[in-house]
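Below is one structure, written out as structure tokens, with a few remarks after it.
The values are calculated or read from the model by the stated rules, or taken from the named source; none is laboratory data. Please read all numbers here as calculations on a predicted model, not as lab measurements. Quick reminder, even Gly has a Cβ in these numbers, built from the backbone with ideal geometry, and neighbours come from all protein chains shown. Side chains are part of the model used for accessible areas, which takes the heavy atoms of the whole protein and leaves out ligands, DNA and RNA. Shrake-Rupley method; radii C 1.70, N 1.55, O 1.52, S 1.80 Å.
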Amino acid sequence: MTQQQQAAGPPAEKPTDPAEEFLDRSTPLSRIRNVLHRYPALSPAIVLLVAVVVFGILNDRFLRVENLSLITQQVSVVGTLAIAQTLIILTAGIDLSVGAVMILASMVVAQMTVNNGMPAPLALVAGLVVGLAAGALNGFLVTRFKLPPFIVTLGTLNIFIALTLLYSGGSTVRGSSMPALLTWMGSTFPVGPVRISTGVVTMLLLYIAVAFILGKTAWGRHVYAVGDDKEAARLAGIPVNRVLMSVYLAAGAVLAVGAWIQIGRTNAASPNAGVDLNLDSITAVVIGGTSLFGGRGSVWGSLLGALIVGVFRNGLSLAGLDVLFQTLAVGVLIIVAVSVDQWIRKVKS
């Protein structure tokens with residue numbers, strides 16, 4: 001080694017083979033992966049379209065206006081929960097308690113009006129307080145004690161279920177006993193040949209609002225940055241803990257609205273309702289293209305994911321398959337969606 005080479009120091013690491021990188025970017029498969037990485041909602045949109053076409057061919061009743069209207073109404077609750085779940089998963093967290101929080105809020109709203117004589121508007125405000133308090137508890141445990149969101153919400157899931165049963169005494173409040181305002185979300189109106197419920201419209205308005213906030217505000221950019229890399233976000237001056245706490249509070253507010261939609265959808269408030277809602281919300285978000293590792297995804301993808309779950313359950317039911325096969329199909333969808341997400345995340349920038 002010459003003196004000039006010694007002065008230059010050790011040789012730099014050999015860069016990635018340009019030919020290999022070029023081939024990776026130029027193959028049809030890699031181009032597809034780049035497009036799916038750039039537009040996370042594209043893959044669930046394709047799956048939804050294919051599912052609708054296939055089920056429509058298998059059973060002519062599937063594409064009837066009445067059936068499609070029923071699917072949208074069934075999706076309204078899970079779709080609303082998916083908004084809250086999306087916000088949390090975008091920060092690389094997960095919330096196993098969303099369904100339990102929603103049921104607790106619905107029971108508080110119903111019991112306050114029926115048993116305590118509280119006016120319906122104030123009861124809805126009480127439900128909002130419950131949602132915010134639940135979100136604050138989850139956010140506090142995650143940010144203050146640095147506990148994993150999975151463990152935190154697994155614990156609070158059981159806490160909220162127990163509180164719901166203790167508060168309600170295990171009894172169901174019928175919609176006929178409630179003021180009309182509390183069941184208003186279940187009312188329907190015609191839009192051409194389709195009947196749409198107020199709950200569906202409210203869900204869509206929430207999607208529009210949250211999509212705008214995530215895409216057009218500094219807070220939304222901070223949510224994505226925290227989910228992508230918390231340490232990098234902190235070094236960039238983003239108050240990570242404050243962002244995380246605000247995400248859990250926002251999710252709690254959305255869940256309170258979901259409680260109102262749930263009461264209208266079922267025309268009742270039951271402590272035993274929505275056993276599968278926690279997992280269904282995660283399913284919708286994952287199938288919708290939001291990465292479980294945070295930092296990538298959109299609420300519109302989650303809406304598509306909720307519709308996919310609704311279409312599969314409805315289509316398989318019309319095909320005469322047992323509910324176990326419907327659950328099996330959803331499980332396969334989850335595994336495929338996570339596998340595709342892992343593959344998309346390997347895209348080279």
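A compact table of results
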| item | result |
| --- | --- |
| Cα-centred dipole magnitude for region 41-341, charges only on beta-carbon of K, R (+1) and D, E (-1), debye, nearest 20 | 460 |
| Per-residue SASA entry for Phe140, accessible area with 1.4 Å probe, Å² rounded to 10 | 90 |
| In sequence order, calculated HN-Hα J values of region 183-188 (Karplus, 6.51, -1.76, 1.60; Hz; x Gly/Pro) | 9, 4, 5, x, 5, 10 |
| Surface accessible to a 1.4 Å probe, Tyr39 within the full protein complex, Å² | 120 |
| Interchain or long-range residues, amide H under 5 Å from Ala268's placed H | Gly175 |
| Lys, Arg +1 and Asp, Glu -1 on Cβ, resulting dipole of region 267-347 about Cα centre, debye, nearest 20 | 320 |
| Helix 65-90 axis, angle to the chain major axis (alpha carbon atoms, nearest 10°) | 50 |
| Percent carbon-and-sulfur accessible area, the chain, ignoring ligands, DNA and RNA, probe 1.4 Å | 67 |
| Rounded to 10°, Cα long-axis angle of helix 277-287 versus longest principal axis of the chain | 40 |
| Candidates Ala136, Ala126, Ala209, ranked by Gaussian network fluctuation over the chain, Cα under 10 Å, top entry | Ala209 |
| Value at 222 nm in deg cm²/dmol, rounded to 500, when DSSP H runs of n ≥ 4 in the chain each add -39,500 (n - 2.57) | -23500 deg cm²/dmol |
| Cα centroid separation - region 165-191 against region 37-104, whole Å | 23 |
| Of Gly305, Thr143, Ser171, farthest towards positive along the dipole that unit charges on Lys, Arg, Asp, Glu beta carbons give region 41-341 | Thr143 |
| Cα gyration tensor shape for region 73-138, rounded if a/c is under 1.5, else prolate or oblate | prolate |
| Whole-percent pair-distance distribution, where bins are 10 Å wide, for the alpha carbons of the chain | 5, 23, 30, 23, 11, 4, 2, 1, 1, 0 |
| Global geometry of region 212-349, whether rounded, prolate or oblate, following the gyration tensor of its Cα atoms and the 1.5 cut on a/c | oblate |
| Residue-level accessible surface for Ile213, protein heavy atoms, 1.4 Å, Å² | 70 |
